[in-house]
1. For chain A, what is the largest minus smallest coordinate of the Cα atoms on each principal axis, given in angstrom and ordered from greatest to least?
2. Measuring nothing but label to label, 7 Å from Cα along Cα→Cβ, what are B:D385's distances to the other copies in nm, shortest first?
3. How big, on average over all directions, is the shadow cast by the Cα convex hull of the stretch A:438-583, in nm²?
4. What list of ³J(HN,Hα) couplings, whole Hz, do you get for the stretch A:435-450 from phi and the Karplus terms 6.51, -1.76, 1.60, once you set θ to phi - 60° and write x for glycine and proline?
5. Measuring from a point 7 Å out along Cα→Cβ, what nm distances, shortest first, does A:A451 have to its partners in the other copies?
6. About the Cα centre of the protein assembly as shown, how large is the charge dipole given +1 on each Lys and Arg Cβ and -1 on each Asp and Glu Cβ? Please answer in debye to the nearest 20.
7. Two decimals is fine: what's Rg over Rh for the stretch A:35-162, C-alpha atoms, Kirkwood radius as Rh?
8. Enter the mean projected area of the convex hull around the alpha-carbon atoms of the stretch A:583-718, in nm², rounded to one decimal.
There are 2 protein chains.
Amino acid sequence: MPAPVPIEADPEPVAEAAMAAEPDEAAISEVADPALDTVQAGIFDNGKMWTFEYPPLDYLRTTYGFSADEEWFRRAHLSALRIPSCSASFVSASGLVMTNHHCARGSIEQVSREGEDLVADGFYAATLEDERPIEDYYADQLIEIRDVTDRVYAGLEGVTGTQERADRRQEVTDEIVAEITEEFGGEDAGFNVEMVELYAGGRYSVYIFRRYTDLRLVISPELQVAYFGGDYDNFTYPRYDLDMTFYRVYDDNGEPLQTEFYFPFSEEGVSEGDLVFVIGNPGSTSRLQTVAELEYRRDVSDQSVVDLLKTRLVALHEYAESHPEEAREMDLRNTIFGFENSLKAYTGIVGGLHDPVKIAKRKDHERRFQAAIDADPDLQAEYGDLIPRMAELQAQKREHDAALSSFLAVGHPQLGSSTMARAFAAFQYLSAQSQGAPPEMVDELKDAIVATPDQPREINEAQLAQRFHDFIRNYGPDHPFVQGILEGRTPEGMAAVIMDGSMLADSATAVAALNTGGLSMDDPAVRIVLPIAQALGPAQQVQAMVTPEETEISSALGRALFEVYGTSVPPDATFSLRIADGVVQDYEYNGTVAPVYTTYYGMYDHYYSYGAGSDWDLPELWLSPPESFDLSTPLNFVSTADIIGGNSGSPVIDQNLQVVGLIFDGNIESLPGDYIYLPVENRAVAVDARGMLEALEEIYQADRIFQELVSGVLVGGN
Amino acid sequence: MPAPVPIEADPEPVAEAAMAAEPDEAAISEVADPALDTVQAGIFDNGKMWTFEYPPLDYLRTTYGFSADEEWFRRAHLSALRIPSCSASFVSASGLVMTNHHCARGSIEQVSREGEDLVADGFYAATLEDERPIEDYYADQLIEIRDVTDRVYAGLEGVTGTQERADRRQEVTDEIVAEITEEFGGEDAGFNVEMVELYAGGRYSVYIFRRYTDLRLVISPELQVAYFGGDYDNFTYPRYDLDMTFYRVYDDNGEPLQTEFYFPFSEEGVSEGDLVFVIGNPGSTSRLQTVAELEYRRDVSDQSVVDLLKTRLVALHEYAESHPEEAREMDLRNTIFGFENSLKAYTGIVGGLHDPVKIAKRKDHERRFQAAIDADPDLQAEYGDLIPRMAELQAQKREHDAALSSFLAVGHPQLGSSTMARAFAAFQYLSAQSQGAPPEMVDELKDAIVATPDQPREINEAQLAQRFHDFIRNYGPDHPFVQGILEGRTPEGMAAVIMDGSMLADSATAVAALNTGGLSMDDPAVRIVLPIAQALGPAQQVQAMVTPEETEISSALGRALFEVYGTSVPPDATFSLRIADGVVQDYEYNGTVAPVYTTYYGMYDHYYSYGAGSDWDLPELWLSPPESFDLSTPLNFVSTADIIGGNSGSPVIDQNLQVVGLIFDGNIESLPGDYIYLPVENRAVAVDARGMLEALEEIYQADRIFQELVSGVLVGGN
């Protein structure tokens, strides 16, 4: 640790004569964070998830000197595929398809036969005949886009009222979709026609897909290497993960699909500074949210999710440690990992909302956007008050933030107490009963009490206590509501009282109480429902009132953005095909700089550091790789491409439409990508094409697939 | 990127009857960060740099079940060494000494012969005869500690006044040191006697060292592998750095020193959870600083260093890019790295000061400390007002924060403009001249103008402009002082005016102007000195007034801490020997978890990722290691041991006094260790003993050293 250079804290002495001069009293000034005042919105803060109907030709030309013609874009979208929840692409002329292992887990599990665990153990079809068909699965290839904006607008002409317009829009959509489906031979002709609403209705496109339904599993690595580092490493980089799976699309005759459109594998790969493109289907983004909405998320809604997960995980961890056997049976470890994964995601999102620079950028964007609206009388008339109205709605919700935060996930089977969930149901049941509701309704409510699944007492009681802590955190300990609930007890004390005294402590006693009619409003668990409901009721009413208006304003803001900026700003993600340009570029992390790519050496470093049995364990096959296996082969790399969930499985291609990588994640700094895209730190993480080829050839000896990827055509046989 | 588990934002519906109840208006409460109110100071927030005179025997026993006897501690301090600026230790019975390569750079350079660059290329003395003597160097072995507190206190009895007490303290110290030096045979007997003031004078100890002056260089790796990752990776982990060098101490007969006291090398190494100890000399910490002092650092003093480095580095980077040739000649790249290193350190320090949890912990500590003082009438009388007084002093400085921040490092040869430095000197020269000062004084002031080294015009002008930006940032753009300086121009505009019009633009024109007498107070550079001096003068007066009082209060606080907590809290670091206990433990980082150790695989991963020519380049010898070289050998590891600059070169030992590692750095999260020690994230980074042995045996084929480390004795020959 070479010491930092000392910085002299005092300037050189100045002439004494001058020093004796009168002090400049006015010298003390209060400038609050002046640096933030100069923060400007970037032109791409809203992202770079370009649509294929409005590709940014000029931008690509002026920025990179890259002039793609129509044919380039046509080949790009015809080689890309959308599969359920993920993206994929053709990577050979013989229908070979590439996606992520984490996208294919369900399929791999499905094709596993008795005694096989192909997700864990991996799969390789040594011959074409061994490729295993996946049932109820499909891949959609975008073959045509039609702009139907005018027709939708014409259909909406003169229709007023939110619900009426929504209904009419659905009618017009159904009409158009049906018409085009017919044009393509009807429902069973193997096409899929979808209306895609861009810019929240600023533009309407119909996407026509060729739908392939005969997909077969070709090769997939072991889970351990395809999810190397597990949930720990999820959302992070540097990374060492072979998150790939290959399918093959077959044609109607059961033969490998012959396709002109595919992305050939590059053997050269990427270098720092390279221009790349990600073609895929980003799921959803919230980049049109106003600053007031973001601040509400930061202070209330997303923050309360973080609080919930943090506090509830403690109880789950404690139980897992004290009851290892039961925890194993409940598969509690995976549940915990899932929640920790969510906590990581929400922490990243909330963390970004606390970054003054990000908020300053969103503020500047909003200022400019509002100014542009105000500069045009028509726009001003239609959209001028949207941003302030949205702020008012957030303020309305904030008046109830304590209640809204206090009851989050109250009925959740792990994050909430089952006794409290039962008490809510019991309160409804008893109310209905006493109000003489119809017997069927009373019975239904009774069933709901019994249907609530049991929790281990420790978790149940701890989650109950945590709920009381939520009340204290959100309302303050001295609030009458809190004092009314706790009756002077600690959260833990009150939770114990309820668990000891309530007939709803578990489902067996609940059933007994219901059968004997012994359950009453005086039950210690049921007794607290009324004050909670009284505190929560008004909050829920406000929430119910505000939500549709928020949706309406968001939608109008989307259209306003389109009217102001046109297609120079891409629309929010809609799980439809996009093309994102990016540069292979390092970034500052952890006090140093993250490399543009990692190598197999790093995978082994992690294996030996964390050890067998850890999330960085390696499968048997990898522990003694052949000598020809080149550990210096790039394994994962990063680029500035703008991606988000749904992009998993997207190919990363170069200017020659060759595959250089396979998107599978973003770095931890990309989590605020939900609401702002900042290429200074946001990185898309991909499996490197070179790493895939090396593993296929050297580890899996999957020569026929290696050859197919390299040559572009099926080579047949083993 | 498996998606996060969706968390339902809305609770289950509750009975409508209850929902219709009156809204609870009082439900809206304002609780500001209630979570922080519950943050408590940890008992070891002030650290674990234990002294050898007050070792924490009970703490070690109750915490780890580790009962070390007196002999254990004696062996520990007798095997440890202090060398200039760093720590070291004996690691064989034949005087072999281990320290860091970065501590030994000067020595290695010194012993390089013509045509050799041993720092870069590494060195290995194949035989004993080849070991190269280092001149003017030493290693101190602590052989005895004597508590002289009573004697110092007696000497101070009745002496009042800060200066008087300081002088008397020095006299008593000199007296004691002289007496003990005499007892050990006088000045030239090979001992070094030092007074060590602990707890800012709460305790006084005399440390008696055996001083060894015949040290020879035995083996040192290539700089590239000993500083792998360079300044980028400095202060970070995960890390892959062989930062080691071995010396040998020779006795008065020129034979390798036979020593009973050394730390034998462990061949087993460490595992997660292991207890380890770091024996070394931490340089300095500021853990007694009050919250007001920390807040002043956060808002003013340290923050302005961050601002200075950030803004000034821009100009240096730009020049380095536009003038590569000149930059190489100036060695500008190294200068830049040095500043970036400082920026990293200060950013970590300031970042920690912005962490509300850290500040809350320091506040809670201060509250408890004040309460403990107030609980004892004697303590209250002597120390009761120290903390509030320190806060007042910070408030006084804050009144001048704009001036104090604006003129930081104004005369610095790279971070300041040379023209402005010349202008300050010229102003003094012209003032002295006009006031008829003695000719020698005038001449001296004149020389100072000429002596200011020249800067490239681009850097000079940019730093001048940045200085004006500092004024705007600190005073606000509309402040009369700023307007007076800039006269309506932009910072860049005014800098250009000065550079074009001033006779002080470079030293040649300055000399000419001085020779012709053409320099006057109207020179555009000199003209701005008066307003600056007027703005700065009062600030400097306050600073000058406050500083001695701060020192006095800090010192009293140190004594108060000792009186309240005794030796249960260790004193701030004093570059004297300490023992820090730590546990080998991972920690959360970058969204995942950092491993307890890294391996050589990771070193190669970095080499192939960043590439040849980067800071992660590898020396020739390492590019084709022998097959027997085990890449899975642990290379660096982390523990929770409390260390800081000065600890570099400290051995990490296990309970059997065996070397398991060699401290060389802390992680980025350890930077706030200056003012708070938080083992949740603060990690000491060490070279793993196993990694050292593997490199010595396999890469350097340094069999005789490998054998000596393993057997504990010199094996002689090659």
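1. 91, 75, 71
2. Those separations, rounded to one decimal, come out as 6.1 nm.
3. 15.9 nm²
4. 8, x, 5, x, x, 4, 5, 4, 5, 4, 5, 5, 4, 4, 4, 6
5. For A:A451, the inter-copy label distances come out at 8.9 nm.
6. 1640 debye
7. 1.12
8. 10.1 nm²
Throughout, read-outs are computed from the coordinates displayed, never taken from laboratory work. Since we're looking at a predicted model, the values are computed, not measured. Cβ coordinates were reconstructed from backbone atoms using ideal geometry, including for glycine residues, and neighbour counts include every protein chain displayed.
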